[in-house]
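Read through the structure below, which is laid out as structure tokens, and then see the notes.
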Amino acid sequence: MPAALVRGQADTQSEPAIKLACYLTMLTAQRRMTIVSARKSDFVSLDELDQWGYEVPNFGRDLNENYELLTHGAIWRIRPDSMKSHREHDIPLPPRTWAVVEAAMKLSGDNSPGLSPQTRKHRADKLSDGHLSESTLSHIFAKAGVGFSPHSCRKIFATYADGDLGFDISDTKLILDHSEGRAADITEAHYINHPALSRKWPLMLEY
């Protein structure tokens, strides 16, 4: 991830829950509504993937010989109602990204199903969904003073992945949900090394 993004958020004075949502935006390059509407049940750690029908023996070994076996991370299965494309979208979460999600889960408390509940009571009472607003993320990014918006993170992700990391634009599109590429065989989609996921993992690990 470009260092300027991290420095800008680290220097910003904001509530921890909001800052974590900003970090998740930067680390995953997902849209604002996708971030703020995420539910805790949308995430599952690698050691619990069998509950989603995935098989994970020797996970990571056939992604790339340079990557060690992953033992800490997760899959974020984004619900269709949280996506602009209105279809399910799986995002691999490497250890540092999963750590952000785990911190947000802990901070939000046991009574909140959402990952980023509204932190101001008078606003939460007015919202049936109870999560942070999209505008909150935009406000905090502007306050950071680095010249980036949440949407800019998507453009930066694509540019950085292609130009600096050397990934193909088709791989970045899989993360940005511009070209998900659904499997013809539904059984194939329930394996951790399904073609789309195996292409997403190396990129997310490098970014």
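Derivation of every value follows stated rules applied to the coordinates shown; laboratory data play no part. Just so you know, these numbers come straight off a predicted model, no measurement behind them. Methodologically, a virtual Cβ is constructed for each residue, glycine included, from the backbone with ideal geometry; neighbour enumeration extends over all protein chains shown.
Distance cut-off 23 Å, Cα to Cα: go down the list Lys40/Lys143; Lys106/Lys173; Lys84/Lys143; Lys40/Lys200; Lys19/Lys155; Lys19/Lys143 and report the pairs above it.
The answer is Lys40/Lys143; Lys106/Lys173; Lys84/Lys143.
I need the phi-derived Karplus couplings for region 139-154: 6.51 cos²θ - 1.76 cosθ + 1.60, θ = phi - 60°, integer Hz, Gly and Pro marked x.
My calculation for region 139-154 gives 5, 5, 5, 5, 5, 5, x, 9, x, 10, 9, x, 5, 4, 4, 5 Hz in order.
Using the number of other C-beta atoms within 10 angstrom as an exposure proxy, rank Ile175, Ile140, Ile169 with the fewest first. Intermediate values should be presented prior to the final figure.
Details: Ile175 25, Ile140 22, Ile169 12.
Listed from fewest to most nearby Cβ atoms, that is Ile169, Ile140, Ile175.
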